């Protein structure tokens, strides 16, 4: 087997980068010439976690086919969220916790998906099944991924398995789970010095729905009002992105990580699908979504159903 | 959770039925209200195995949405190989050993694929991971599935894990692996009393390739010449199926299970893709494929590449 690159989705979050580092390390322990790479730079939250545990950010790649044909995907499967030349590559492994869509291979492969809160929870299982010990620094980034994806276990995507994995990894990493977790989440909420375009790109994914392309961005904060002070500028940036990238509909979910509530801002059409999906009224293209913190569980399925309805 | 139906692909082979019985039993042991069903009647080979181990053939269903919305797929994922109303159903689990294609869900799910020779080999792992003992009769049908899919460990799809699983299950089932395996395979080669249409339907799957639909049927025998004594009638039946079902290209692979060789007969277009895929000359739409026994590993990827090339 040639060199194998392991990576998470575009606009990588802490799980996309953490699970790639952890799974590449496991593959190396199993004898594979694996390297973790990333489809973008770490966010401030992820960089905080990498620095805390003394890890280096994975090399950023734009394309892959020029250096190898063999890849392993973590934390995603949909081709439009993957590396730009994914269709030329041979996917050997997928470890993921999302729906399966817009994904296909020519050959049989390893595919391990579970409906848990974080890919790193599944990667921990794979370490155990293969009797490989998790190193301290890698336990730290895996723990950080679980804290990030589950908002410190408060997201409805969080399962008992994520909580147990988080506690186990915190012991290996020798950190106080709650204190470290909150510090890490807060490190990702420093939004003031970012442009609107940067905010929209922090954690954004595209989804084909019906014959439309829907972009769903999420921003974590401890102060929703601070973000919406820039509402008009954000709206203008969303309209500009729709035009430039060909999105039909843009949803920005601004999530208070302390209260576990979100405020939604949208641009584009069909806006009635958003109204149907969440049973809301839009005022100035904006609505409150109390209790909503998970794009995967509380936004994408509802929107998908509205588009299919 | 409502009732859950567990099933393999259309034109079920021994793994499609065996893995469904075995995985449904595991789910029941884990507290799920699961029932194994099938998308067709057992073949003679499968019926031999069911009878040998005192099992009843799963109920045959045509559609599912009228009785439940929750399903688990074994030994397949491609929707065109699944139940006719699959797009209305909620897929909770997939256990498979094929490529992933033409498959999608709205929600996260359990997906467990490995590039091993048989789904039942993966199901055995799942029993172990969940600390559930495999009952004797179910070990028997799982063993039969492994023998069937790997042609008694001679197929290039067979891995060390399949061999180990087969031996372990043979002990639980208390059978002589080689003697039972050959008897079971021979039970499936009684072709004389079948019509040509029945032969073509014994173990057949459809694959979208480029903008064409390709049907690939496989028949196991201990006497290839006996099957090709009916070459003209088989050809006519293939042409008739192409017209009736909308297939563009029909490949019939007649496999000698003792010699591990196959003879190919084709009908339809584009025939040059077949010539390219296997680097063969066709005489009377027929060619020898020495050493070819696996549709999944030695036919579908090569054809797919030819269509993409």
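The values are calculated or read from the model by the stated rules, or taken from the named source; none is laboratory data. Only a predicted model underlies this, so the values are computations on that prediction, with no experimental measurement involved. Positions of Cβ are generated from backbone atoms using ideal geometry, with glycine treated the same way; all protein chains shown enter the neighbour counts.
So the values come out like this:
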quantity	calculated
Any hit, segment B:240-250, residues being farther than 30 Å from residue A:104 by Cβ and at pLDDT 95 or above	yes
The lone exception for residue A:77 - which of (1) within 14 Å of another protein chain (Cβ to nearest Cβ); (2) part of a loop (DSSP other than H, G, I, E, B); (3) touching a helix residue (DSSP H, G or I) at 6+ places or on another chain (Cβ under 9 Å) it fails	(3)
Conditions (1) part of a loop (DSSP other than H, G, I, E, B); (2) crowded, with 22+ Cβ neighbours inside 10 Å: number failed by residue B:46	(1)
Selected residue (criterion: nearest to residue B:68 (Cα to Cα)) from residues of segment B:1-44 that are touching a strand residue (DSSP E or B) at 6+ places or on another chain (Cβ under 8 Å) and at pLDDT below 95	B:2
Sole exception among (1) surrounded by fewer than 19 Cβ atoms within 10 Å (Cβ to Cβ); (2) in a strand (DSSP E or B); (3) more than 14 Å from chain A (Cβ to nearest Cβ) for residue B:226, by number	(2)
In segment A:287-302, the residues that are over 18 Å from the mean Cα position of the chain (by Cα) and on the phi < 0 side of the Ramachandran plot	A:287, A:288, A:289, A:290, A:302
Residues located in segment A:106-120, provided they are facing chain B (nearest Cβ under 7 Å) and at pLDDT 95 or above	A:109, A:110, A:111, A:112, A:113, A:114, A:115
Where residue B:288 falls short, out of the listed (1) assigned to a helix (DSSP H, G or I); (2) surrounded by fewer than 19 Cβ atoms within 10 Å (Cβ to Cβ)	(1)
Hits in segment B:243-272 (condition: surrounded by fewer than 19 Cβ atoms within 10 Å (Cβ to Cβ), more than 21 Å from the chain's Cα centre (by Cα) and in contact (Cβ under 8 Å) with a residue 12 or more places away in the chain)	B:246, B:248, B:269, B:270, B:271
Hey, residue A:280 part of a helix (DSSP H, G or I) and more than 14 Å from chain B (Cβ to nearest Cβ) or not	no
Residue within segment A:81-93 that is free of Cβ contacts under 8 Å to residues at least 60 places away in the same chain, within 14 Å of chain B (Cβ to nearest Cβ), in a loop (DSSP other than H, G, I, E, B) and under 15 Å from the mean Cα position of the chain (by Cα) present	no
Residue that is farthest from residue A:154 (Cα to Cα) [pool: residues in segment A:121-133 that are within 11 Å of chain B (Cβ to nearest Cβ) and in contact with a strand residue (DSSP E or B) (Cβ under 9 Å, 6 or more places away or on another chain)]	A:125
Residues of segment B:289-309 that turn out to be away from chain A (no Cβ under 14 Å) and in contact with a strand residue (DSSP E or B) (Cβ under 6 Å, 6 or more places away or on another chain), as a count	4
Scan of segment A:1-43 for residues that are closer than 13 Å to residue A:76 by Cβ and assigned to a loop (DSSP other than H, G, I, E, B), ordered by number	A:8, A:9, A:10, A:11, A:12, A:13, A:39, A:40
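Per-residue answers, yes or no, for (1) closer than 26 Å to residue B:154 by Cα; (2) touching a strand residue (DSSP E or B) at 6+ places or on another chain (Cβ under 7 Å):
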residue	(1), (2)
B:217	yes, yes
B:240	no, no
B:245	no, no
B:259	yes, no
B:271	no, no
